[in-house]
1. Would you please name the residue that is modelled with the lowest pLDDT, looking only at residues in the stretch 131-156 that are assigned to a loop (DSSP other than H, G, I, E, B), open to solvent by less than 20 Å² (accessible area, probe 1.4 Å) and within 23 Å of Y66 (Cβ to Cβ)?
2. Would you say E48 is under 13 Å from the mean Cα position of the chain (by Cα), of a type outside the set (S, T, Y) and modelled with pLDDT of 95 or more?
3. Suppose we keep only residues that are touching a strand residue (DSSP E or B) at 6+ places or on another chain (Cβ under 9 Å) and touching a residue at least 60 places away in the same chain (Cβ under 8 Å) within the stretch 65-90. Which one would you say is farthest from H108 (Cα to Cα)?
4. Name the pairs: first residue in the stretch 125-141 and of a type in the set (A, V, I, L, M), second residue surrounded by 14 or more Cβ atoms within 10 Å (Cβ to Cβ) and in a loop (DSSP other than H, G, I, E, B), Cβ to Cβ under 9 Å, at least 6 apart or on different chains?
5. For the condition modelled with pLDDT under 95, open to solvent by 40 Å² or more (accessible area, probe 1.4 Å), under 21 Å from S69 (Cα atoms) and in contact with a Phe, Trp or Tyr (Cβ under 9 Å, 6 or more places away or on another chain), what is the one hit in G159, G117?
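The values are calculated or read from the model by the stated rules, or taken from the named source; none is laboratory data. None of these values were measured; they are calculated from a predicted model. Please note: Cβ atoms are built from the backbone with ideal geometry, for glycine as well, and neighbour counts cover all protein chains shown. Side chains are part of the model used for accessible areas, which takes the heavy atoms of the whole protein and leaves out ligands, DNA and RNA. Shrake-Rupley method; radii C 1.70, N 1.55, O 1.52, S 1.80 Å.
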Amino acid sequence: MVKKNRASYPCGEEGYIYLWTLFAVALAGVGLAGVGPMWQIESQREKEMELLHVGDQFRRAIESYYLNSSGKAKRYPESLEQLLEDRSSLIAKRHLRKIFLDPMTNSHDWGLIEQAGSGITGIYSKSDKIPLKRTNFPEQYSTFSEAKSYQDWKFVHAGGGTGGTDSQRSKTPKSGVQGAPATNPFASDKATAGSNPLSPSQPADSTNPFTQNSQ
């Protein structure tokens, strides 16, 4: 009969190895527990920057629609879809490339700020999370530093003011817009992140006011 050779260790050495194994497993667990919250914070910061960029794109598109509205009385869009195809004049205009996703809620369900009888003057996220960013906002968004939630980050055309009615209507984009890729318009390539997706009718100043204020 052939006997199987088996390495033998003193009892004390086996116990030592076992304790070191337990210690390594516990240390790895502590490390992973610390990485989780850090990743969540970093992810939220990235979503904040995307929200700032996307919200500003909506504000610019609303301003473009207002400035290019025909007739003596300037008007705002009655729906976000009108920013994609403005048929208020003989030549259709495109003020916005697509209806962007709200990065905080991952949906197209934006809060709308409406001026009675005039249309939509601005948008905001419906997320009730508390913002991390508190400083270095552009002048037109300086009130964001006092926000209690992302719902207080209101992207409004200056001419429309903030005294309009906050509409809770659900705005689901048309089928042609719904399937648009949910790419991050605030990508790592800062050279292209602030590019102007609007038509030539958009005001010339289309620089991204957030690229230098990421803190």
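1. Top of the filtered list is P138.
2. Details: under 13 Å from the mean Cα position of the chain (by Cα): yes; of a type outside the set (S, T, Y): yes; modelled with pLDDT of 95 or more: yes.
For E48, the condition - under 13 Å from the mean Cα position of the chain (by Cα), of a type outside the set (S, T, Y) and modelled with pLDDT of 95 or more - is met.
3. Here the residue is N68.
4. Final answer for the pair search is I130/A147; I130/S149.
5. Values: G117 fails: in contact with a Phe, Trp or Tyr (Cβ under 9 Å, 6 or more places away or on another chain).
Unique residue meeting the criteria: G159.
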